Amino acid sequence: MTFWERWRIPIMLAPTMAIVIILFGGALYYGFLQSLGWQPRIGNTELSLDAYNNILFAGPQTEQFWRGLVLTLWVSFASTFLSAVLAIGSALLLRQTFVGKRVATFLFQFNLPIPHVVAAIGILFLFSQSGLISRGLAQIGVIGAPNQFPIVVRDSLGIGIILSFVWKEAPFLGVIVLAVLQSLGEDYEDLARSLGANRWQRFRYVILPLILPGLLSGSVIVFAFTFGSFEVPAILGVRFPRMLSVTTDRFFRDPDLNSRTEGMAISMIIAVIVLVLVFVYQWLSRRAIRQE
Amino acid sequence: MTHVYLDKLTKVYPGANEAAVSDFSLDIPDGELVAFLGPSGCGKTTTLKMIAGLIRPTRGRITFDGEDVIAIPAEKRGAVMVFQNYLLFPYMSVGDNVGFGLKMRGVDKRTIRQKVQEMLELVKLPDISDRRPNQLSGGQQQRVALARALITEPRVLLLDEPLSNLDAHLRDEMRELIVSIQRQLKVTTVFVTHDQEEAVLLADKIALMFEGVLQQFASPDEFYQRPISERAARFFGGVNFIDANRNGNKVETSVGNFVFNAKNSDNAPEGDSVLTIRPEQIAIGHDVPNGENVVTGRVRSRIYVGTYTRYKIAIDDCEIEAIRSADLPGEINEGDEINVHFPSDRIWFVPRNSN
């Protein structure tokens, strides 16, 4: 085997790997150092875990962090779960033959290229107490006044944020599931039918396990994205509790440059939590499949 | 054991101009092994899926032991299908795959384990219950798929091209296994194939289909000896078709006048028809004596195929093909003038324009 044959693939991969390692690894390394207090421009060169201690245990930001973490976990899990459920349901319907299928498929995927910030503003205009829906309902007399419409935007449960993420991510997962279903065809389901499986059993024991690998990969991306996403919670969130990404941004843009240390510490914690949760999520899902 | 009856079964797919299957009627006795044979796209698999309940017929009736099953959904019909590409569930072990049908019926785990073992022994794979489908060869996957279908004790077993994905050696092995299991369990079985040889080797009876229409339903032997049309004869290797004019038990053709057994003329009307005779039923050679039904021809070409030799022989303006066993004495070469004997009991007739 010649040198070129042996090293051809690593050499061809090198530019991509260089970008990943230098940009991502470098930023992570620099961010980690900052989270330990290393900011030579303002004279901080001593490394310590003070920022982590302030955030996690005994600082003025501790409550903000823990409440923010709970909200972030809730929003990410709820968004991912609801998007996955909607994606599966929609893909199962869209793969069938029906009148208007092409239009329905186009509409289903229509919002894929729309930026998240536009989606967030759209949710704000639609679902806030001064939004289109509340005013429309008040107009036709379903509610007495727009402010009687339930608060689903800029609410402490993050419902507006979840709505916005689901609106964006359900089609994303739906496209993945639809592609998997179309590549599989209907033979597996026909086979299961002929072996006696009813509609629910076919979904539970045939369709779900077959789409799960694709759905899992997509869900991991959605979960990681929603956990760290900034613009949607910044537009649709409340001041307290704030999602962790928004809190990080506040620290980072604080005029007091010392706050960056806390901001970077939260970023590091977000990265670790996402990594751990992604591994746990995948492990649990694979185990669930195996047990069946 | 189930008696299956198909009555004028027709399927027209939405948007299609022509029927995929048209007025298909067939009576399949209890415990028989029947082949649906025909070229690709002739409606074999569509018919199989209609029996399984996976495709709803546009018209017609299907009965199992006299009971109309059209309204019974596939999952309750008891007609289990084995697909061409096996379709073992990749996320399940072999044992779980085989036990799938019983699990869907809510059978308890212990019974499932026991029956799975019985079925794996039946298909001669007793020790692979814990393996994954991707650890099996094509032949093993086919056997597991068969075990998975049989464990549910189906009323009708439906096999879609069961041997087409296997290599020649495995094909022989699998064919024997299917026949022996079918004989043992006496389950009424329908299988689809485009391979005439496979149909002949496996089936008790063959339903030959062209363009969604049943051409002939008969035993393999009948397809060779008494084809219903020129097209059916050609599908089974027939190559000699000579325009003929029949009168009683005598026939005039462009290659000569012959006599034939009157019972061989049932299939075509008196007068104009087409005489056909299989290449292996024509006797040729320098040693064939002159006499009734013997004409003279010249050898145009010979192809040696190991156990036999195939000859093309010109008789006047007509060309026929004959096969001669390689063991027979006497050499026949290209250009030789030889006697050609059309045995009177082997001459058969098909209607004109029966393509």
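Just so it is clear, none of the values below were taken in a lab; they were calculated from the coordinates. Just so it is clear, the structure is predicted and the values come from calculations on it, not from any experiment. Cβ placement follows ideal geometry from the backbone for every residue including glycine, while neighbour counts extend to all protein chains displayed.
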For chain B, calculated [θ]222 nm from helices alone, where every DSSP H run of n ≥ 4 adds -39500 (n - 2.57):
-7000 deg cm²/dmol
Pick from B:Gly285, B:Gly330, B:Gly101 the residue whose mean-square fluctuation is largest in a GNM of chain B, springs joining Cα atoms under 10 Å.
B:Gly330
I need the calculated FRET efficiency for the pair B:Arg132 and A:Ile221, taking r as the beta carbon distance and R₀ as 25 Å, to the nearest 0.05.
0.35
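Take B:Thr253, B:Thr58, A:Thr248 and order them by how many other Cβ atoms sit within 10 Å, fewest up front. List each step's numbers first, then the result.
On the way: B:Thr253 20, B:Thr58 16, A:Thr248 24.
Listed from fewest to most nearby Cβ atoms, that is B:Thr58, B:Thr253, A:Thr248.
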Ranked highest first by average number of other Cβ atoms within 10 Å, how do B:1-13, B:317-329 line up?
B:1-13, B:317-329
To the nearest 0.05, how large is the calculated FRET efficiency for A:Thr45 and A:Ser285 if R₀ is 30 Å and r is the Cβ-Cβ distance?
0.10
If you project the alpha carbons of the range B:4-225 onto their three principal axes, what span does each projection cover, largest first, in Å?
48, 38, 33
Can you order the peptides A:145-151, A:162-168, A:31-37 by their average number of other Cβ atoms within 10 Å per residue, highest first?
A:162-168, A:31-37, A:145-151
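Over the Cα atoms of the range B:31-147, compute the convex hull volume and normalise it per residue, giving Å³.
Numbers: hull volume 17.0 nm³, N = 117.
Hull volume normalised by residue count: 145 Å³.
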Estimated FRET transfer efficiency when R0 is 25 angstrom, pair B:Ala71-A:Leu184 (beta carbons, to 0.05)
0.30
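Checking understanding here: applying a Kyte-Doolittle mean of at least 1.6 and a length along the axis of at least 20 Å (C-alpha), which whole DSSP H helices in chain A pass?
Numbers: long enough: A:3-19 (24 Å, 0.55); A:62-94 (47 Å, 1.32); A:159-184 (36 Å, 1.82); A:208-228 (29 Å, 1.90); A:259-291 (48 Å, 0.99).
Membrane-span-like by this criterion, though nothing is claimed about a membrane: A:159-184, A:208-228.
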How large is Rg/Rh for the protein assembly as shown, to two decimals, with Cα atoms and a Kirkwood Rh?
1.17
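What does the average come to when, for each residue of peptide B:90-97, you count the partner chain Cβ atoms lying within 10 Å of its Cβ? Don't skip to the end; give the middle numbers.
Working: counts 4, 11, 5, 1, 0, 0, 2, 0.
Partner-chain Cβ atoms within 10 Å, mean over residues of B:90-97: 3.
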Checking the cross-link filter: which lysines have an alpha carbon closer than 24 Å to that of B:Lys109, excluding same-chain neighbours under 8 positions apart?
B:Lys76, B:Lys124
Just to confirm my numbers, what's the Cα centroid distance between the range B:79-102 and the range B:254-330 in Å?
51 Å
Inter-part gap, Cα centre of the range A:186-252 to Cα centre of the range A:118-182, in whole angstrom, is 18 Å
Write down the Å³ per residue value for the convex hull defined by the alpha carbon atoms of the range B:230-350.
99 Å³
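Subtracting the Cα-Cα distance from 0.36 nm times the residue separation, let me have the gained length for B:Ser40 to B:Val12 in nm, one decimal.
Between B:Ser40 and B:Val12, full extension yields an extra 8.4 nm.
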Once a ≥ b ≥ c are taken as the square roots of the eigenvalues of the Cα gyration tensor of the range A:36-291, is the result rounded (a/c under 1.5), prolate (a/b larger than b/c) or oblate (a/b not larger than b/c)?
oblate
Looking at the protein assembly as shown only, what percent of DSSP beta bridges run antiparallel? Nearest 5 please.
75 percent
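Taking the range B:174-238, which GluC sites (Glu not before Pro) meet the DSSP loop condition and have no more than 15 other C-beta atoms within 10 Å? Walk me through the numbers before you get to the answer.
Details: sites: B:Glu176, B:Glu197, B:Glu198, B:Glu211, B:Glu222, B:Glu230; in loops: B:Glu211.
Sites meeting the loop and neighbour criteria: B:Glu211.
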Can you give the log10 of the normalised intensity I(q)/I(0) at q = 0.13 Å⁻¹, computed with Debye over equal Cα scatterers of the range A:124-252?
-0.75
Can you tell me the length gained on complete extension of the stretch A:Trp74 to A:Tyr29, counting 0.36 nm per residue apart and subtracting the Cα distance?
13.3 nm
Amide H within-cut-off set for B:Val21, under 5 Å, with H built and near neighbours excluded:
B:Lys11
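Out of the range B:1-94, which GluC sites (Glu not before Pro) are coil in DSSP terms and have no more than 15 other C-beta atoms within 10 Å?
Working: sites: B:Glu18, B:Glu32, B:Glu67, B:Glu75; in loops: B:Glu18, B:Glu32.
Counting only loop positions with at most 15 other Cβ atoms within 10 Å, the GluC sites (Glu not before Pro) in the range B:1-94 are B:Glu18.
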Give me the inter-chain shielding for A:183-193: mean count of other chain Cβ atoms within 10 Å, whole number please.
5
What is the range B:4-225's relative contact order, in percent, from Cα pairs under 8 angstrom and six or more apart in sequence?
30 percent
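Listed highest first by mean packing, meaning other Cβ atoms within 10 Å per residue, what order do B:81-90, A:47-56 come in?
Order by mean packing, descending: B:81-90, A:47-56.
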